[in-house]
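A quick write-up on the structure given underneath.
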2 protein chains.
Amino acid sequence: MCGATPGASADCAGRGYVHGYQGREAARLDDQASALLDLLHDGIKYPAGSSVLEVGCGVGSQTITLARHSPDARFTAIDIARDSLAAAKHRADLAGLANVEFRHADLYSLAGNTATFDHVFVCFVLEHLDDPVGALQLIGGLLKPGGSITVIEGDHGSAFFAPDSFAARAAIDCLAELQRRAGGDAMIGRSLYPLLTAAGYASVSVRPLFVYADQSRPDLVDAFTIRTFTAMIEGVRESALAAGLLNADEFDAGIADLYRTAEADGVFCYTFFRAVATARADETGAAT
Amino acid sequence: MCGATPGASADCAGRGYVHGYQGREAARLDDQASALLDLLHDGIKYPAGSSVLEVGCGVGSQTITLARHSPDARFTAIDIARDSLAAAKHRADLAGLANVEFRHADLYSLAGNTATFDHVFVCFVLEHLDDPVGALQLIGGLLKPGGSITVIEGDHGSAFFAPDSFAARAAIDCLAELQRRAGGDAMIGRSLYPLLTAAGYASVSVRPLFVYADQSRPDLVDAFTIRTFTAMIEGVRESALAAGLLNADEFDAGIADLYRTAEADGVFCYTFFRAVATARADETGAAT
């Protein structure tokens, strides 16, 4: 659920990451987080004393909520982008959170580390990776036997709306295509069960988190339909035009139709997926 | 969520209905109901002594559950198809239900009747009508002031799955196109809020009912992915081919890919929408 902003992150392109840590993107992620935190984090509370790794914390959009909801757990939040990490740390300081340690690290550099975490939290990260099963296996090696992983991803193929619009779907497809070209998968949400199963986790359980926004929920229309989803699609305008996926009129018509779904007779639907699974005792360890 | 079976119902084609009350279709609707009743009917309980109209009861797939869940309410179930009604009555008798009266009636023939019902229940009916707002207004005239309407509809545009498949989406589109040609709308679920609002109802509240089927829920995969959804799409094969929407190889490839989503690494997602709204005291009455 991150805007695909190819080129924003040249230092990690080799990993297939397409992160957005520019200022405007960070603001969008904040909007997204404030509208969705209740939905995404509902019921997530880690036990006192447990150690939790957040992979790809970005600017801390999820980290702050994670740490607040589980004040007696110890969090280690990693990201490959130093400026994102600095922003995340600043926010954690402002929030007075003392239970988060931020570390500059690439997930792949952790391969071979011992299994020291009780839980891992991964949100909006797998969508950017060209080998999500490999990443999940690597994470399994960082988990103590029986430890849990929580994965949250969006799925842009789950978006539908009224009035329906071919142009809007074409604009959404631009983001999915750009993300695909960068090695990611904007439709990964639906696949969490097979991915975690293929990576050797046990007790995989997936919960769809449905966002439904109509005018009985004007705050959600504003926060999600306009400021999260439509803003995210708008964010790839230049990249989509540069790639020749649509011309400017076509793209702008799609964006106009997305805004149209926020009007009095409009409806917007989107599904996030949250999976929880357990590291198998016989399959954890970085060597697997 | 009814298979579009054009021609099956010549006597009501003028109304834009596309009902499926052939034997095989009735069996499919039974499978559908048994898998989905818990989801669709969760929390629906009408007060003792209240009078409830079910519009378009068909073979009674919803009627039996409605009447069981509210044993002290009185139900009137109408349908325009005499053989469906007979089947529904037979099922109600077998279930020992004494609180349902079945009546042969076309919704439109009720226009001008006095407002005698406390509640109306309408499931998988609006999708077949060329003027759903008009139908909802007519129903409003049958409701006592302040009475409630419950509407349930599917939305075939909400279906997505893993592995994704262009062929499967093309086969689904056949059903949607056939339903459109018959005057209906297979994507009506997302529009319940604007439709009920346009029809003058108050306090419109829509709840998405998400069906998520992966191999952690094999019974649901069998009952929904295979026996409800895929069977429904398969049911329009001859009509789709006759209409030239796809050729046989294309259609069959789509069906094969839908079955593929029921395998070990497959996932299938679909959303029903349930709306509840209140008849406005100043807008009810058949004359409006």
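List of remarks:
- Sulfur and carbon atoms: percent of accessible area, the protein assembly as shown [1.4 Å]: 51
- Bridging of A:K144 to lysines at a Cα separation below 20 Å is possible for A:K45, once same-chain residues fewer than 8 apart are set aside.
- Sorted shortest first, the distances from the B:A198 label point to those of the same residue in the other copies are 4.3 nm; each point sits 7 Å from Cα along Cα-to-Cβ.
- The range A:174-288 shape via C-alpha gyration tensor axes, a/c threshold 1.5: oblate
- The range B:104-260, Cα convex hull volume normalised per residue, Å³: 135
- Note on the protein assembly as shown: along the principal axes its Cα atoms extend 72, 50, 47 Å, ordered by decreasing extent.
- Accessible area that becomes buried as B packs against A, both chains, 1.4 Å probe, Å², nearest 100: 2000
- Shape call, the range A:29-101: gyration tensor on alpha carbons, a/c limit 1.5: oblate
- Pseudo-label separations to other copies for B:P145 - Cα-to-Cβ vector, 7 Å, nm: 7.2
- Protein-only accessible surface order, largest first, of A:L129, B:L39 at 1.4 Å: B:L39, A:L129
- Protein-protein interface of the range B:146-188, residues with accessible area decrease of at least 40 Å², isolated chain reference, 1.4 Å probe: B:F160
- Rounded to two decimals, the Cα radius of gyration of chain A over 2.2 N^0.38 Å is 0.98.
- Calculated from backbone phi, Karplus (6.51, -1.76, 1.60) coupling profile of the range B:95-103 in Hz, x at Gly/Pro: 7, x, 8, 10, 10, 10, 10, 9, 9
- In order along the range B:221-228, the Karplus-derived 3J(HN,Hα) couplings, from 6.51 cos²θ - 1.76 cosθ + 1.60 at θ = phi - 60°, round to 4, 5, 6, 9, 4, 7, 7, 9 Hz, and Gly and Pro are given as x.
- Scanning chain B for the Cβ atom closest to the axis that brings B onto A yields residue and whole-Å distance B:F210, 3.
- Three-way shape label, the range A:39-188, alpha-carbon gyration tensor, a/c 1.5: prolate
- A cut-off of 5 Å between modelled amide H atoms, ignoring neighbours fewer than 5 places along the same chain, links A:V120 with A:L53, A:S148, A:I149, A:T150.
- Estimated at the nearest 10 Å², the accessible area of B:H119 is 30 Å² with a 1.4 Å probe.
- Angle between chain A longest axis and helix A:166-181 axis [Cα atoms, degrees, rounded to 10]: 40
- Position A:S216, label points 7 Å along Cα→Cβ, spacing to each other copy in nm (shortest first, one decimal): 2.9
- Residues whose amide H comes within less than 5 Å of that of A:L129, counting only those at least five positions distant or on another chain, are A:D185 (H built at 1.01 Å from N in the peptide plane).
- Residue among B:G140, B:A182, B:Y259 farthest towards the positive dipole end of chain B, charges placed on Cβ: B:G140
- Potential extension, B:R207-B:D106 segment - 0.36 nm per residue separation minus Cα distance: 33.6 nm
- Here the 3J(HN,Hα) profile of the range A:141-146, calculated from phi with Karplus coefficients 6.51, -1.76 and 1.60 at θ = phi - 60°, is x, 8, 8, 4, x, x Hz, Gly and Pro shown as x.
- Solvent-accessible ranking of B:M187, A:M232, largest area first, probe 1.4 Å: B:M187, A:M232
- Around B:Q215: net Lys/Arg minus Asp/Glu count, Cβ-Cβ under 10 Å: -2
- Helix A:248-260 vs. chain A, principal-axis angle (Cα, 0 to 90°, nearest 10): 80
- Relative contact order [Cα under 8 Å, 6+ residues apart], the range A:120-200, whole percent: 46
- Cα-based helix-to-principal-axis angle, A:23-41 vs chain A, degrees rounded to 10: 70
- Counting DSSP beta bridges with both ends in the protein assembly as shown, the antiparallel % (nearest 5): 50
The values are calculated or read from the model by the stated rules, or taken from the named source; none is laboratory data. Nothing here was measured: the structure is a model prediction, and the numbers come from that model. Backbone-built Cβ (ideal geometry, glycine too); neighbour counts: all protein chains shown. For the accessible areas, the whole protein counts, side chains as well, though only heavy atoms, and no ligand, DNA or RNA atoms are used. Shrake-Rupley method; radii C 1.70, N 1.55, O 1.52, S 1.80 Å.
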